[in-house]
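Values quoted throughout were computed directly from the atomic coordinates according to the rules given, and no laboratory measurement underlies them. Keep in mind that this is a model prediction, so the values were computed, not measured. As a convention, Cβ positions derive from the backbone with ideal geometry for all residues, glycine included, and neighbour counts pool all protein chains shown.
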Amino acid sequence: MSIQVKEFAFVFYPVTDIARARKFYEGLLGLKVGYQIEYSPGRWWIEYDVAGQALGISNDIPGKTASSLALEVVDLDAALTAAKASGFTLSRDVMEFPPCRMFIVKDSDGNEITLHQRKAKT
């Protein structure tokens, strides 16, 4: 069974200093914030819209390897079943967020790929 990928969901970069990162992405590059959330005091996830694609930055996972590629899938539950059946390693099981759900799987070289599904807008 294979997973049906629709498109790129987002590209992600970990950052250490949100204020400094915002000066770069918003100030120098002129990007506009599309979505942001402060998970806990000082811990942020910020998304910028770059020609219809999301660029996410976060200081929520300092010192950890982070996914840098997220692929939008048609059905996250089917993707999870296929990933588990494939024998590839899951780094993170399904995570729920207000706008989406996702999990992380490692490829054959150990690179982490996020499989992502946006929730229906209400």
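Sorting the segments 97-103, 13-19 by their mean number of nearby beta carbons within 10 angstrom, highest to lowest, gives 97-103, 13-19.
Annotation: Cα Rg of the chain relative to the compact-globule expectation 2.2 N^0.38 Å equals 1.09. For residue 59, the residues whose amide H sits under 5 Å from its own are 15, 44, ignoring neighbours fewer than 5 places away on the same chain, with H placed 1.01 Å from N. Taking R0 as 22 Å, what's the FRET efficiency between residue 121 and residue 69 from their Cβ-Cβ distance, rounded to 0.05? It comes out at approximately 0.35.
Which value in Å is the Kirkwood Rh of segment 1-45 over different Cα pairs? Result for segment 1-45, one decimal place: 12.9 Å. With each label modelled as a point 7 angstrom along the Cα→C-beta vector, the residue 4-residue 81 pair spans 1.3 nm.
Proximity of backbone amide H atoms, modeled 1.01 Å from N, is registered between residue 35 and 47 at under 5 Å, excluding neighbours fewer than 5 places apart on the same chain. Extension gain for residue 19-residue 37 works out to 5.1 nm (0.36 nm per residue, less the C-alpha to C-alpha distance).
Only helices enter the 222 nm calculation for the chain: every DSSP H run of n ≥ 4 contributes -39,500 (n - 2.57), and dividing by all residues gives -3500 deg cm²/dmol, rounded to 500.
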